[in-house]
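Following: one structure in structure tokens, then a few remarks.
The values are calculated or read from the model by the stated rules, or taken from the named source; none is laboratory data. In this text the structure is predicted, and so the values were computed from the model without any measurement. We place every Cβ from the backbone using ideal geometry, glycine too, and count neighbours over all the protein chains shown.
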Amino acid sequence: MKAKPRVAIIGPGRLGSSLAIELSRAGYEVSELVSRGASSSRTVRRLARKLQARLSRPQAALLDAEVIWFCVPDREILPAARTLAGHGEWRGKAAFHSSGALTSAELGVLRRKGARVASVHPLMSFVRGVVPSLKGVPFALEGDPGALTVAARIVRRMGGTPFRIPAKSKVAYHAWGAFASPLMITLLVTAEQVAAAAGLRPRDARRKMLPILKQTLENYQRWSAAGAFSGPLVRGDAEILVKHLKSLRLIPDAKEVYLALSRAALRYLPVGQKRKLAKALRR
């Protein structure tokens, strides 16, 4: 395969569109965007014009690129691969999907057609209206050796950091990513509910939380979890824990979140008066 193969993106949604833009910035030709809503999506049409890429529906996809990158939701990867397996010649091509939880086996139908396949997942959050830089972003790679070589080269040229992960570890890896972003957002929105009980509106709570959030992440980056840990658990202040729990009783789910995180702290982080704290958390 040539040093900078052409790439076709299957499913130019939030992830697929971001990858297409970053691939183009890295000097790759994105030759085709395959979208079920190709005729109706103004955003996808605009992206295709910007990249000078062909815009196709699955039934009419040419797939003449050397790399075919599936960026559809997890449940659609296997059906999409089956649909496109009959399009053209697959020998000599590399086919990727970007599921964090599923393995390259989802593309087995293309492997049987002669393609080298891999799962190539960026450990990054993709939301509407934001194209995050991929510089320094880890990409978890799993699959056929030939596809992994191609994927690692592409990731590095986009500024990412490729690393290999066994197929059996994919689900645990994806759960790790869930803790790092969506569940962290869940924690923050729960904090907003607690702030509301203290008389703050959500927008005001977000603004006032930002300084401590930023400092906490800086501390975590510099000193690791143990060095960044602070508050009543570090001090072994069981009486404060009891007061916290009483104040959270009327806030839906907040008490359960507090208990779960506090119990995790007792297991994984340096705390004082561990027995007293454990007793307080059993109330």
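Descriptive notes on the structure:
- Selection count where residues are aliphatic (A, V, I, L, M) and surrounded by fewer than 22 Cβ atoms within 10 Å (Cβ to Cβ), scope segment 81-103: 3
- When we screen Gly136, Gly129 for residues that are free of Cβ contacts under 8 Å to residues at least 24 places away in the same chain, among the small types (Gly, Ala, Ser) and outside any helix (DSSP H, G or I), the only hit is Gly129.
- Applying the set (1) touching a Lys or Arg at 6+ places or on another chain (Cβ under 6 Å); (2) assigned to a loop (DSSP other than H, G, I, E, B); (3) free of Cβ contacts under 8 Å to residues at least 40 places away in the same chain to Val117 leaves exactly one unmet item: (2).
- Sole residue being basic (Lys, Arg), under 23 Å from Phe163 (Cβ atoms) and touching a residue at least 60 places away in the same chain (Cβ under 8 Å), chosen from Arg6, Arg25: Arg25
- Any pair with Cβ under 9 angstrom, 6 or more apart, that starts in segment 44-62 at a residue that is more than 19 Å from Gly27 (Cα to Cα) and free of Cβ contacts under 8 Å to residues at least 24 places away in the same chain and ends at one that is assigned to a loop (DSSP other than H, G, I, E, B) and among the basic types (Lys, Arg): Arg57/Arg36
- Condition check for Gln215: surrounded by 13 or more Cβ atoms within 10 Å (Cβ to Cβ) and among the polar types (S, T, N, Q): no
- Pick from segment 163-173, criterion in contact with a helix residue (DSSP H, G or I) (Cβ under 8 Å, 6 or more places away or on another chain) and either touching a residue at least 40 places away in the same chain (Cβ under 8 Å) or hydrophobic (A, V, I, L, M, F, W, C) (or both), ranking: nearest to Met124 (Cα to Cα): Ile165
- Checked against the criterion of being closer than 22 Å to Met158 by Cβ and part of a helix (DSSP H, G or I), the candidates Leu63, Leu33, Leu23 yield just one match: Leu23.
- First in segment 256-276 and in a helix (DSSP H, G or I), second anywhere and of a type in the set (Gly, Ala, Ser), Cβ under 8 Å, 6 or more apart: Leu266/Ala278; Tyr268/Ala225; Lys274/Gly236; Lys276/Gly236; Lys276/Ala238
- Members of segment 197-238 found to be under 30 Å from Lys276 (Cβ atoms), aliphatic (A, V, I, L, M) and assigned to a helix (DSSP H, G or I), listed by number: Ala197, Met209, Ile212, Leu213, Leu217, Ala225, Ala226, Ala228, Leu233, Val234, Ala238
- Contact map, segment 175-204: residues that are among the polar types (S, T, N, Q) paired with residues that are outside any helix (DSSP H, G or I), Cβ distance under 9 Å, separation 6+ or inter-chain. Pairs shown: Ser181/Leu123; Ser181/Met124; Ser181/Ser125; Thr190/Ile251; Thr190/Asp253; Gln193/Ile251; Gln193/Pro252; Gln193/Asp253.
- Every condition in (1) closer than 16 Å to Ala226 by Cα; (2) at pLDDT below 95; (3) not aliphatic (A, V, I, L, M) is met by Arg263 except one, and the failing one is (2).
- Which numbered condition Ile154 fails, given (1) modelled with pLDDT of 95 or more; (2) within 19 Å of Ser35 (Cβ to Cβ): (2)
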